[in-house]
Amino acid sequence: MVRFLFLSVLALTATALRAEAPAAPAHHALAYDIFRELIELNTTGAHGSTAAAVAMQARLKTAGFSDAEMTVIGPTPAAQNLVIRLRGRGEQKPVIFIGHLDVVEALPSDWSTDPFKLVEKDGYFYGRGTIDMKNDVTALVIGLIRMKQSGYVPRGDIIVALTDHEEDGGDNGAIWLVQNHRELVDAAYGINPDGGRGETRDGNPTVLQFQTAEKTYVGLDLEVKNAGGHASVPGRNNAIYHLTAALDRLAAYEFPLALNETTRTYFARSALLESGQTKADMLALVRQTPDAEAARRLAASSPYYNALLRTTCVATQLQAGHAENALPQTARATLNARIMPGESPASVQAELERVLADPEIKVTRFQVFPAGPLSPLDPAVFNTVEELAAKRWPGVAVVPTMGTGATDSVHWRLVGIPMYGVSGTFVPRGEHRAHGRDERIGVKEFYVGVDFMYDLMRALTE
């Protein structure tokens, strides 16, 4: 009898605990379905994103969006973009939210799961695009669906642009829309979840990025030529040694320290999360006159900190010679530079030529990719993000950042539309699986990111 009563109490306790556990919101099931559909549509460059654009159009139409509120458009049948407009009251200019549908290639043989199947295991969703950025595309679509079904009418129009060819820098997606159909994507400012992330330390959310700028991407080639000859009678003049000696000079060179509004604020706020020498150095860096030794220590401690402090230029490829038994007649090096916002590419080229210090080394290519200005730290937008973050993740620091890579934000910044990189997706500090093997996102983090984006879309337009 005692054993029976004990088991009965256990059963009742378990039932009570199950009853107290909150049920998942209904839109989470829909979010999962949309996420799975997107992951399992192969939108690599070879396939294009049209299928995903059409699939999201169908989802939104089922939720109540009319054909007049959605436009599928692009320069080729395989490269179609989807632009959605939730009509507002006309009391403010539109706000645009952007996200790309395409993903980088993934080789199934490299992965522990099928990259084009959504696999849930050990608390994570695995699949190509889970973090870059079909999770955020799902969040934008779910946000639109929830607003439409609740009858929400924003102060001004909410535009969502889901685009193709971000990953390969192609001109079929965001740049094509901005240049050819500005009327569809014009706005007061925009939010790009691809430009921002949250960061956890020991499983706890600590930092939420607020991206306001990106460095300018420059590709350049160096070349040395000489007469060559037979490898059995080598002379002093060797094109490979000639070029690599110049590359050694470049490797030892650092561009000057160059802080801006975003990076100053980044280090000032990041100091609050640090201790010891790192904290002291960050605070010394943001004084009216930055401490050069503090900058040197920070740059040495982290390649990322160094990239935030200055323009960088690094050798990424080498090509030389034409035969094993012949002296090289040509040696070439490909370099990649990332230039601080507002810095002149021409001045960077001149500085590189000064550092190389050799007129026989020719710069045969200096290709500058588009770069927009730094978006101002708009207090209305920044404070809204801070308030939402404080409610959802108490104690998290919202930190302005400058992208060392590139996103589609540049195309709007170039035409004078400020863009801010913000996403509610958190990943462990130091984990970089986007574009890599076994790309993943935490299951809990996925759903939290979906809900945060809805809150942000509402808060910026109520």
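The values are calculated or read from the model by the stated rules, or taken from the named source; none is laboratory data. Quantities reported herein were computed from a predicted structural model and do not represent experimental measurements. So basically every Cβ, Gly included, is an ideal-geometry build from the backbone, and we count neighbours across all protein chains shown.
A few comments on the model shown:
- Taking first residues from the stretch 239-255 that are within 16 Å of Gly228 (Cβ to Cβ) and partners that are basic (Lys, Arg), the Cβ contacts under 7 Å between residues at least 6 apart in sequence or on separate chains come to Ala239/Lys225.
- Pairs, first outside the structural domain of Phe210 (by TED's automatic domain parsing) and assigned to a helix (DSSP H, G or I) in the stretch 261-281, second acidic (Asp, Glu) and modelled with pLDDT of 95 or more, C-beta under 9 Å, six or more apart: Phe267/Asp281; Ala271/Asp281; Asp281/Asp291; Asp281/Glu293
- Residue in the stretch 198-214 that is closer than 14 Å to Arg413 by Cβ, buried (at least 22 other Cβ atoms within 10 Å of the Cβ) and charged (D, E, K, R) present: yes
- Gly416 out of contact with any helix residue (DSSP H, G or I) (no Cβ under 7 Å at 6 or more places or on another chain), free of Cβ contacts under 8 Å to residues at least 40 places away in the same chain and at positive phi: yes
- The one condition in (1) in a helix (DSSP H, G or I); (2) closer than 18 Å to Asp136 by Cβ; (3) touching a helix residue (DSSP H, G or I) at 6+ places or on another chain (Cβ under 9 Å) that Lys444 fails to fulfil: (3)
- Looking only at the stretch 316-352, and only at residues there that are farther than 30 Å from Ala231 by Cβ and among the acidic types (Asp, Glu), the one that is surrounded by the most Cβ atoms within 10 Å (Cβ to Cβ): Glu343
- Filtered by the rule that a residue be of a type outside the set (A, V, I, L, M) and either touching a strand residue (DSSP E or B) at 6+ places or on another chain (Cβ under 8 Å) or in contact (Cβ under 8 Å) with a residue 40 or more places away in the chain (or both), the stretch 115-131 gives Pro115, Phe116, Lys117, Glu120, Gly123, Tyr124, Phe125, Tyr126, Gly127, Arg128, Gly129, Thr130.
- Whenever a residue of the stretch 372-394 is among the polar types (S, T, N, Q), its partners that are assigned to a helix (DSSP H, G or I), lying with C-beta atoms within less than 7 angstrom and at least six residues away or across chains, give the pairs Ser375/Arg413; Thr384/Ala459.
- If you go through the stretch 157-187 and keep only what is modelled with pLDDT of 90 or more and charged (D, E, K, R), you end up with Asp157, Asp164, Glu166, Glu167, Arg182, Glu183, Asp186.
- Tally, over the stretch 215-241, of residues that are farther than 30 Å from Tyr304 by Cα and either touching a Cys at 6+ places or on another chain (Cβ under 6 Å) or small (Gly, Ala, Ser) (or both): 7
- Residue within the stretch 313-320 that is under 19 Å from the mean Cα position of the chain (by Cα) and closer than 17 Å to Phe255 by Cβ present: no
- Count of residues meeting criterion [more than 22 Å from Val72 (Cα to Cα) and assigned to a loop (DSSP other than H, G, I, E, B)] in the stretch 133-155: 5
- Among (1) β-branched (Val, Ile, Thr); (2) within 17 Å of Thr407 (Cα to Cα); (3) in a strand (DSSP E or B), the one test that Val104 misses: (3)
- Filter result for Thr289 (outside the structural domain of His230 (by TED's automatic domain parsing), surrounded by fewer than 18 Cβ atoms within 10 Å (Cβ to Cβ) and either among the β-branched types (Val, Ile, Thr) or in contact with a Pro (Cβ under 6 Å, 6 or more places away or on another chain) (or both)): yes
- Which listed residue is in the same structural domain as Ala53 (by TED's automatic domain parsing) and without any contact (Cβ under 8 Å) to a residue 24 or more places away in the chain, from Gly151, Gly170, Gly156, Gly198: Gly151
- Listed conditions (1) at pLDDT 95 or above; (2) acidic (Asp, Glu); (3) surrounded by fewer than 18 Cβ atoms within 10 Å (Cβ to Cβ) are all met by Glu274, apart from (1).
- Some residue of the stretch 103-114 being touching a His at 6+ places or on another chain (Cβ under 6 Å) and not hydroxyl-bearing (Ser, Thr, Tyr): yes
Residue-wise test of (1) of a type outside the set (Val, Ile, Thr); (2) farther than 22 Å from Arg429 by Cβ.
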position	(1), (2)
Asn237	yes, yes
Asp248	yes, yes
Ala258	yes, yes
Thr265	no, no
Ala271	yes, no
Lys279	yes, no
